[in-house]
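*Asks:* My structure is below; once you've seen it, I'll send some questions.
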Amino acid sequence: MRHLILILGDQLNRDSAVWDGFDPQVDAVWMAEVERESTKVWNHKARIVAFLAAMRHFAESLRQEDITVHYRRLDDPENHGDFRMELEAAVKKLRPQSLVMVEAGEWQVREDFRATAARLKLPLDEREDRHFMASHADFAKHAEGRKQLRMEYFYREMRQRYGVLMDGKKPMGGDWNYDSENRKSFGKEGPTLHAAPVRFLPDEITQGVMAVVEQKLAKHPGSLADFDWPVTPDEAQQALDDFIQHRLADFGDYQDAMWTNEPWLFHSRLSTAMNLKLLDPRDVIRAAEKAYQTGTAPLAAVEGFIRQILGWREYVRGIYWRFMPGYVTLNELQAHQRLPDFYWTGETDMNCLRETIGQTLRYGYAHHIQRLMVTGLFTLLLGVRPQEVHEWYLAVYVDAVEWVELPNTLGMSQHGDGGIMASKPYIASGKYIQRMSNYCAGCRYDPATSTGPKACPFTTLYWDFLMQHEPRLRLNQRMSMQVRNLARLSETEKQSIQAQAESIRQSLA
Ligand SMILES: Cc1cc2nc3c(=O)[nH]c(=O)nc-3n(C[C@H](O)[C@H](O)[C@H](O)COP(=O)(O)OP(=O)(O)OC[C@H]3O[C@@H](n4cnc5c(N)ncnc54)[C@H](O)[C@@H]3O)c2cc1C
Ligand code: SF4
């Protein structure tokens, strides 16, 4: 054998660099389902199934092209349970001259493969991941000489470079950003009638994976009862078409809104398909841009959606690789509380958290604002150690992969990086959740109250957070208004809030 081509579970694109120069006569593919990847954090069953089902479908499609695939299944009695040991065993058996792979998406996994190749004394040809629209070198060039990195400037460069929503050298419509038009909530009557997203019911291959997961990893969190994620490129394309046709037009207006029993609203559900590389971000962006050109969706919605992919998605990847491995250890706010147990069950009397966590455990999904301004906001205000929060997010979302999850969680949501990712901590009281959802209407707490038996824990902890971190927040211009509001509280009110916040912390310790 000449090359053994190593393909990881989130590298399922047939146009990746790993296929350059591939010759089925002398090269073969290696893929492995290893238990360690499902247990290093306590993974949601749906996340494990999405990865393994997509891998098995991909391997099957390669075999149909007469490509030799050495595939280790999770339930194979000889499975070593770990990438390194599996690869060593495969190399001893197959004796390739060299290993070829696209760089891994996770820092530690990349290190492990490098170390294993070195131990095996085999050359490892590690190739760039062309799925992304900004390479490491592109991001380094953008970051060069900047004191502070901000997504907005990176995004503008990407728009210009790829000519996306551009009118010559100017942004289409005159503005780079239509965010101010994209923050609507629903009225009392809730979201308008909208088509439910297309579902992909598990076929025989996926059902096989589900059976193994239910048997081998039975105690893992989450449910498989509603599993309907796309696990092939065809299904991913159908999911994209369905979103563009039925939900993109309202995506902008309601991207921050939340509503009971409405997990999807106008969101695309495309992150998992993109992260597994079943879908190319260029195709997603092109389809959205076309929807604007053909009048299917307004500019504000299309720009808002494209910004998430061409802007945020590429930007967080840049942050991850620029600041790893140190990034994962950062804890600028010195937060040391443990994660409340109810994050694994949803059993809490705080309605917004019960709804969001309940939905997460059921589907492995919550949209951005639920992640940022409900589950993330609560741990930030409570002062939970960001590494524990990171492990929870990595475990419970079907789309979770470290390069995108970590900067979003530790950086944007928990401000553990002190402002590398976002210029200010995303903090708010319960009133924000009241404004953007109907959660508070069904809750025993009152979002306008910060002390006493009906006080909303978000509101109590919000004021306490401002007091605790006042010296740091004062230095941040974007926080000055929130800090100034502290002056409205009397000393007695401040003390009552602090006492109530302390008792919340103790009850959740
Ligand atoms: C604490 C926290 C943890 C997160 N963890 C993950 C994660 O593990 N994996 C993941 O893919 N996204 C993560 N995100 C980003 C975002 O919440 C999800 O991408 C989005 O909710 C996925 O649902 P969707 O496909 O319906 O997205 P839509 O709302 O339809 O957005 C369209 C696409 O834009 C991209 N996108 C949107 N926001 C972001 C963002 N902040 N960073 C990167 N890409 C973005 C995604 O690819 C998404 O599919 C996280 C956000 C927060 C606040
Ligand atoms: S009152 Fe507070 S705890 Fe209850 S749903 Fe509203 S924000 Fe959440």
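The values are calculated or read from the model by the stated rules, or taken from the named source; none is laboratory data. On a predicted model such as this, the values are computed, not experimentally measured, just so you know. We place every Cβ from the backbone using ideal geometry, glycine too, and count neighbours over all the protein chains shown. The protein model used for the area step is the full one, side chains on, heavy atoms only, and it has no ligands, DNA or RNA in it. Shrake-Rupley method; radii C 1.70, N 1.55, O 1.52, S 1.80 Å.
*Asks:* What does the accessible area per residue of the chain come to in Å², with a 1.4 Å probe and no ligands, DNA or RNA counted?
*Replies:* Numbers: 21690 Å² over 509 residues.
That works out to 43 Å² per residue.
*Asks:* For the residue pair residue 122 and residue 487, what label-to-label distance in nm results when each label sits 7 Å from Cα along the Cα-to-beta-carbon direction?
*Replies:* Taking the two extended label points, one gets 6.7 nm.
*Asks:* Packing-wise, with mean Cβ within 10 Å as the measure, how do 395-403, 110-118, 456-464, 262-270 rank, highest first? All intermediate terms of the calculation are to be shown ahead of the outcome.
*Replies:* Values: 395-403: 22.9, 110-118: 15.8, 456-464: 25.1, 262-270: 20.8.
So the peptides 395-403, 110-118, 456-464, 262-270, ranked by packing, come out 456-464, 395-403, 262-270, 110-118.
*Asks:* Moving on. Pull up the DSSP beta bridges for the chain and report the antiparallel fraction as a percent, rounded to 5. Walk me through the intermediate numbers first.
*Replies:* Working: 2 of 19 bridges.
Bridges in the chain that DSSP calls antiparallel: roughly 10 percent.
*Asks:* Moving to a separate point now. Would you mind classifying the chain by shape? Square roots of the alpha carbon gyration tensor eigenvalues, ordered a ≥ b ≥ c; an a/c under 1.5 is rounded, otherwise it is prolate if a/b is larger than b/c and oblate if not.
*Replies:* prolate
*Asks:* Shape verdict for region 341-508, please, from the Cα gyration tensor: rounded (a/c under 1.5), prolate (a/b greater than b/c) or oblate. Write out the running numbers ahead of the final one.
*Replies:* Numbers: a/c = 1.89, a/b = 1.24, b/c = 1.53.
Verdict is oblate for region 341-508.
*Asks:* Something else about it: Averaging sequence separations of C-alpha pairs under 8 Å and six or more residues apart, then dividing by the length of region 3-127, give the relative contact order as a whole percent. Write down the numbers at each step before the final one.
*Replies:* On the way: 147 pairs, mean separation 42.6, N = 125.
Relative contact order, region 3-127: 34 percent.
*Asks:* Only Cα pairs under 8 Å and at least 6 apart count here; give the relative contact order of the chain as a rounded whole percent. Intermediate values should be presented prior to the final figure.
*Replies:* Details: 788 pairs, mean separation 82.0, N = 509.
Here the relative contact order equals 16 percent.
*Asks:* In debye to the nearest 20, how big a dipole does region 74-158 give about its Cα centre with +1 on each Lys and Arg Cβ and -1 on each Asp and Glu Cβ? Provide the component values of the computation, followed by the final result.
*Replies:* Values: 15 positive and 18 negative charges, 89 e Å.
Approximately 420 debye in magnitude.
*Asks:* Work out the charge dipole of region 47-127 with +1 on the Cβ of Lys and Arg and -1 on the Cβ of Asp and Glu about the Cα centre, then indicate which of 69, 49, 116 is farthest towards its positive end.
*Replies:* Positive-end residue among those listed: 116.
*Asks:* First compute the accessible area of the chain with a 1.4 Å probe, then give the percent of it belonging to carbon and sulfur atoms. Numbers along the way, then the final one.
*Replies:* Numbers: 10370 of 21690 Å².
Its accessible area is 48 percent carbon and sulfur atoms.
*Asks:* Among 288-295, 374-381, how do they line up by average Cβ neighbours within 10 Å per residue, starting with the highest?
*Replies:* Details: 288-295: 16.4, 374-381: 24.9.
Result, highest mean first: 374-381, 288-295.
*Asks:* Given 216/424; 141/169; 93/141; 147/184; 93/277, which pairs have Cα atoms separated by over 32 Å? Walk me through the intermediate numbers first.
*Replies:* On the way: 216/424 43 Å; 141/169 21 Å; 93/141 43 Å; 147/184 34 Å; 93/277 29 Å.
Beyond 32 Å: 216/424; 93/141; 147/184.
*Asks:* Show the residues, 5+ positions off or on another chain, whose built amide H is closer than 5 Å to the amide H of residue 69.
*Replies:* Here the answer is 29, since their amide H atoms fall under 5 Å of that of residue 69.
*Asks:* Rounded if a/c is under 1.5, else prolate if a/b beats b/c, else oblate: with a ≥ b ≥ c from the C-alpha gyration tensor eigenvalues square-rooted, which is region 196-340?
*Replies:* Oblate, because a/c is 1.5 or more while a/b does not exceed b/c.
*Asks:* Quote the charge dipole size of the chain about the Cα centre in Debye, to the nearest 20; the model charges only the Cβ of Lys and Arg (+1) and of Asp and Glu (-1). Working shown, then result.
*Replies:* On the way: 62 positive and 69 negative charges, 305 e Å.
Taking the Cα centre of the chain as origin, the dipole is about 1460 debye.
*Asks:* DSSP H helices in the chain with Cα extent of 27 Å or more along the helix axis and mean Kyte-Doolittle hydropathy at least 0.0? Numbers along the way, then the final one.
*Replies:* Working: long enough: 45-64 (28 Å, 0.22).
Length and hydropathy pass: 45-64.
*Asks:* Also, I was wondering about something else. Taking +1 at the Cβ of each Lys and Arg and -1 at the Cβ of each Asp and Glu, which of 369, 279, 481 sits farthest along the dipole of the chain towards its positive end, judged by Cα position relative to the Cα centre?
*Replies:* 481
*Asks:* Also, quick follow-up: Give me the one-decimal nm value for the distance between modelled label points at residue 215 and residue 342, 7 Å along each residue's Cα-to-Cβ direction.
*Replies:* Between residue 215 and residue 342, the label points sit 3.8 nm apart.
*Asks:* I would also like to ask the following. Would you work out which of 16, 39, 29 lies farthest towards the positive end of the dipole of region 3-127? Charges go on Cβ: Lys and Arg +1, Asp and Glu -1.
*Replies:* After comparing all options, I get 39.
*Asks:* Restricting to DSSP H runs of at least four residues, report the calculated mean residue ellipticity at 222 nm for the chain, -39500 (n - 2.57) per run over all residues, nearest 500 deg cm²/dmol.
*Replies:* Numbers: 22 runs with 223 residues, N = 509.
When only DSSP H runs of four or more count, the value is -13000 deg cm²/dmol.
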